[in-house]
Each structure stands twice: as structure tokens, then as C-alpha cells.
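The values are calculated or read from the model by the stated rules, or taken from the named source; none is laboratory data. Because the structure is predicted, anything quoted here is derived from the model rather than measured. No Cβ is skipped: glycine too gets one built from the backbone with ideal geometry, and neighbour counts run over all protein chains shown. The area values use the complete protein model at the heavy-atom level, side chains included, leaving out ligands, DNA and RNA. Shrake-Rupley method; radii C 1.70, N 1.55, O 1.52, S 1.80 Å.
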Amino acid sequence: MSTATLTIDLGALTANWTALGSMGRAEPGAVVKANGYGLGAARVGRALAKAGARTFFVAVAEEGAALRQALGPGPVIYILSGHMAGDANMLGDMDLTPILNSLDQMIRHLESLPGHPFGLQLDTGMNRLGMEPSEWAAVRDIALAQDPQLIISHLACADEPDAAMNTDQLATFRQMTSGLDCPLSLANTGGILLNQAYHFDVTRPGIGMYGGMPFDRARPVVSLDVPVIQCRDVAPGDAVGYGRAWVARRPSRIATLSTGYADGILRCLGDRAAVWADDVRCPIVGRISMDLIGVDVTDTPSDPRSVALLGPQQGIDTLADAAGTIGYEILTSMSERYTRRYLGG
Ligand SMILES: *Cc1c(COP(=O)(O)O)cnc(C)c1O
């Protein structure tokens, strides 16, 4: 097999979800947008449902429809982008619950799917999605008369525990929802970790379940093993890859791997990251190609048949740091070409 294998430990994933859920009394939901952060929404969703999750969040209705097919009837599936034009049939047929973000969406929903459940999103300062305080004041009574299932807002700085933005948003959310008798939801992974004041009735963990920061006690969920296509000796002064970007300084053994930037291994990682052959660190040398990467395996006892790009020695956040990005982007960039192998669940 020449494609890399992405191994997804569903036991670790559900353990992370349970750990985040046990940090307070709120019902833990589960965010499985973007195909379950790249890991496969159907498998991830079914494992979480089996572990007790009853409330799921996805970004768009199409994802919700696919998730409903995987989960069957029962769990609530919220659509974070709300009710977009043309979605009424899908929302209705697949029993999806849009989280309405504006007066426009509310009118569209009440007109095209009267009586169909919905949630609401309030903007408490992030200025991304949701109704602002003035808009909310104008539609609040109409909206509440229609019995929203959940009212949410989203934190802009939850991964920075000392940011004043967190307490500001908490205060605004409390003000905007005071006196309401409707379930509330504010916290993503970072918000869960801040403290219980942020938890309200339903939490929305994403990255922490998948093993990423800011949940520093998360169990790692993914490992990525990449086959070596061939190995060669390179003499001092010889270059490897496009642009002669890396030149050997010693007699070197170079392995060419079957993955590249088309698979989500960001091109900026060239010369800045490494892979592991068991416990030997093998630096990436030269530029990352579309489907290929060169690594220096001079220090391995023998030519490896495959190497780990993600594994016990190097998690998603280590690779993210090297690329100047976040674990979320590493996960959601994982190639469709990879063979996904699931453990547990
Ligand atoms: C993506 C998302 C989450 C999950 O966030 P994590 O930081 O991955 O836990 C929660 N709520 C909303 C509205 C989101 O868009």
C-alpha cells in the first residue's frame, strides 16, 4: 500500500469527551463539523453516540444530513450556520435543527418550516455569527414565543484564560439571556476549561475530544504512518528536491515518503519538522512536493519501511507549532487519500 494510514483511536476520543463532560454538570454535546475535524464524522459520531452523546453540532446542513444517516433517529443535530436559503427540505426531511443567526434566518425558518425546532445564536462580541444585542431586543419576544430549543453564543478567546474578552462575553451572554427559561450553551473546549461559570446547560467540545490543545490532558487520538517509497545515498554537496533547497553536508541516506502538501502536509514544514522511525528523529529535508517528502534517515539502524508523521513522539500540536498554525488546521487538512483505520468504538 502506498498511501499513508491515519489511525484514529475512538476509545481515546470518547475518553476525552467523557473527561471534558465530567468537568461540570452541563450536558456535553459534541462538535463534529468538517467531517469530524477530518477524522470521519460518521465513525466519530457513532462512537460518541454509543458513549452517550445526545446533542451534535455541525457547520452546514449537508453535514447534518450525512450525520443523520450515520446516527439514525434520536440525537439532536444542530446546524451552526443556521437556516440558509434552499435548505428547508433537507432540514425537515433529515430532522436537523438550525441555529438561527439573524432576523432574516428567523423569518425564513418560520415561513418555510413552521413548527420545526430551531435554536438561536446571539453575538456577544465575536462579530462572526448571531444576533447582536439591538437585533435581539427587537425579535426576542417573537423568537421566544416559538420555543427555541437552545440559545448559544461563542467565545472568541476561550483558549486565553486571562483574556478580558472571556468575562465580557460571559456578562453579555448573561444579560442577553436573563430571565429566559430555555437551555443555554456558551463553551467550546477552551470555555469548558475556563471554569464552570461558562458551562450553562450544554457544552460544545470539539478540539479537546480530538486530542488537541488547549486540553493539555487529552489522550492523543490520531497517528499517521507514511510508507517509504525508496531510499538512496546522497554524497556531501548533492541536493535533495525542488530548488536544491537542502544540500547534504555529510554522506546521507535519504528516504522518499508517499505524502505531500496535497495531503495536508503544509509546504512550509519543509526543513522545519521531522518524522520518526521508531525512536529515531528523521528531519524533513528540502521542499515538500505535492505527493512526496524527503527525510534524512542516515541515523536509523536500517532503512525504515514506514515512518510516523504523527504518533507518540509528535502530536498534532507539535506539528502545528512547526508550521505556525493550530492543531485544528493540521487535523482538518488530513488527506482524503489516507487510509483511515479506526481503533475501538
Ligand atoms: C467549532 C465550534 C465549537 C468547537 O470548538 P473547539 O474549540 O474545537 O472545542 C464550538 N462552538 C462553535 C460555535 C464552533 O464553531
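The condition (being more than 14 Å from the ligand (Cβ to nearest atom) and farther than 30 Å from Ile229 by Cβ) is satisfied by just one residue among Ala26, Ala19, Ala53, Ala61: Ala61. Tallying residues that are closer than 21 Å to Gly211 by Cα and among the hydroxyl-bearing types (Ser, Thr, Tyr) within segment 261-315 yields 0. If you go through segment 124-154 and keep only what is within 17 Å of Ala59 (Cβ to Cβ) and either surrounded by 14 or more Cβ atoms within 10 Å (Cβ to Cβ) or touching a strand residue (DSSP E or B) at 6+ places or on another chain (Cβ under 6 Å) (or both), you end up with Met126, Leu129, Gly130, Leu150, Ile152, Ser153, His154. Of everything in segment 291-345 that is among the β-branched types (Val, Ile, Thr) and more than 17 Å from the chain's Cα centre (by Cα), the residue that is surrounded by the fewest Cβ atoms within 10 Å (Cβ to Cβ) is Thr339. Residues of segment 247-270 being open to solvent by less than 10 Å² (accessible area, probe 1.4 Å) and part of a loop (DSSP other than H, G, I, E, B), which ones? Scanning segment 247-270 gives Ala248, Thr259, Gly260, Ile265. Condition first: under 30 Å from Leu48 (Cβ atoms) and modelled with pLDDT of 95 or more. Can you find one or more residues in segment 284-303 that meet it? Within segment 284-303 (the criterion being under 30 Å from Leu48 (Cβ atoms) and modelled with pLDDT of 95 or more), the answer is no, since none of the residues qualifies.
Keeping to segment 130-159, report how many residues are among the charged types (D, E, K, R) and within 12 Å of the ligand (Cβ to nearest atom).
1
Regarding segment 195-212, can at least one residue be identified that is at pLDDT 95 or above and part of a strand (DSSP E or B)? Scanning segment 195-212 turns up at least one residue that is at pLDDT 95 or above and part of a strand (DSSP E or B).
Look at Asp162 and say whether it is modelled with pLDDT under 95 and either more than 16 Å from the ligand (Cβ to nearest atom) or touching a helix residue (DSSP H, G or I) at 6+ places or on another chain (Cβ under 6 Å) (or both).
no
Scanning segment 193-208 for residues that are more than 8 Å from the ligand (Cβ to nearest atom) and within 21 Å of Gly45 (Cα to Cα) yields Asp201, Val202, Thr203. The set of residues from segment 170-192 being of a type outside the set (A, V, I, L, M, F, W, C), open to solvent by less than 30 Å² (accessible area, probe 1.4 Å) and more than 10 Å from the ligand (Cβ to nearest atom) comprises just one member, Thr177.
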